[in-house]
1. Looking at segment 194-217 only, could you name the residues that are at pLDDT 85 or above and loosely packed, with under 10 Cβ neighbours inside 10 Å?
2. I'm trying to understand the selection: among the residues of segment 66-80, which are of a type in the set (A, V, I, L, M, F, W, C) and surrounded by fewer than 21 Cβ atoms within 10 Å (Cβ to Cβ)?
3. Based on what the data block shows, is Ala187 open to solvent by 70 Å² or more (accessible area, probe 1.4 Å), among the small types (Gly, Ala, Ser) and at pLDDT below 85?
4. In the set Gly35, Gly60, which member is at pLDDT below 80, within 26 Å of Leu161 (Cβ to Cβ) and open to solvent by less than 20 Å² (accessible area, probe 1.4 Å)?
5. Name the pairs whose Cβ atoms lie under 9 Å apart, with the first residue in segment 216-242 and closer than 19 Å to His27 by Cα, the second among the hydroxyl-bearing types (Ser, Thr, Tyr) and in a helix (DSSP H, G or I), and 6 or more positions between them or separate chains?
6. Test each condition in (1) in a helix (DSSP H, G or I); (2) open to solvent by 70 Å² or more (accessible area, probe 1.4 Å) for His178 and report the one that comes out false.
7. Among the residues of segment 1-33, count how many are under 28 Å from the mean Cα position of the chain (by Cα) and part of a loop (DSSP other than H, G, I, E, B).
Amino acid sequence: MLSPARGSKGEPSWATPFAEGTPPLRHSSLLPRLGDLVLLPRPLLKLEGTDVLHETIGKGFKKLRYLSPRLFAAVCAGEQIDAAPLILQGGKVWISAEEAGSLREPWRAKPGENERSWRARLAATPIWSVDEVPRVTVDRVSSAAAYYEVGCVSYAPEAGLALLVRFDAPDSKAPFEHLLTLLGESASAGGAASAMGPFSYKQKDDLELTTPQHSSRSVLLSRYIPPDEEIASLRDERASYQ
């Protein structure tokens, strides 16, 4: 169980290392996944080796948001990307042909399905879809009804979300997993009354990424709210922030 003790700033004791700037673990944003293949945010760098793709994609490059790990590493290293990546989710997701070959059903090629048909089927199959779900709230005093809509994200079979975690302190893993379990059971991820919040998780193998060891740039896999003293650096011509 988590300790009820509080730190000097009123934070739960487990959060004190974060408040003091010495986090025992670091985690990414929730990232989409296709089977066990985690999709990583596109580094805002020039894509090398895409001249041929420009002829078929055109302005579609502006839609690109997620890359498979192999393509992500290639972009970070300034290398040419796969000459014929699989382009999914309306251009938002690119996967190298080699990684796509290891996908599980229903994303792998079916018996007797040629590569062209396989690519076309995957391109037409959404990994996730966003729907507007109608809701009504009733005022307890006046009984007046108010209509509103909420977004609902649905994932295709063998697709979902992934969370990358690096534990810098070995004893931080158990409390983190306990918090994750509590979050999944509490349905606080959204819509307890509509049963949209509960979730469970499975631990997978470590993500292997071969990226440049010595570089003057970095790319975040998490969201970032800059403090006032760092806002100016984000306006530098070498920086890209969204």
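The values are calculated or read from the model by the stated rules, or taken from the named source; none is laboratory data. Everything numeric here is computed off the predicted structure, so don't read it as measured data. Neighbour counts are summed over all protein chains in view; Cβ atoms, including those assigned to glycine, are modelled from backbone coordinates with ideal geometry. For accessibility, only protein heavy atoms count, side chains too; no ligands or nucleic acids. Shrake-Rupley method; radii C 1.70, N 1.55, O 1.52, S 1.80 Å.
1. Ser200, Lys202, Gln203, Asp205, Asp206, Glu208
2. Passing the criteria: Ala73, Cys76, Ala77.
3. No, not satisfied.
4. Gly60
5. Pro226/Ser233
6. Exception for His178: condition (2).
7. Selection size over segment 1-33: 10.
Residue-wise test of (1) open to solvent by 50 Å² or more (accessible area, probe 1.4 Å); (2) farther than 17 Å from Tyr155 by Cβ; (3) more than 17 Å from the chain's Cα centre (by Cα).
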{"residue": "Val93", "(1), (2), (3)": "no, no, no"}
{"residue": "Glu99", "(1), (2), (3)": "no, yes, yes"}
{"residue": "Leu103", "(1), (2), (3)": "no, no, yes"}
{"residue": "Asn114", "(1), (2), (3)": "yes, yes, yes"}
{"residue": "Ala120", "(1), (2), (3)": "yes, yes, yes"}
{"residue": "Ser129", "(1), (2), (3)": "no, no, no"}
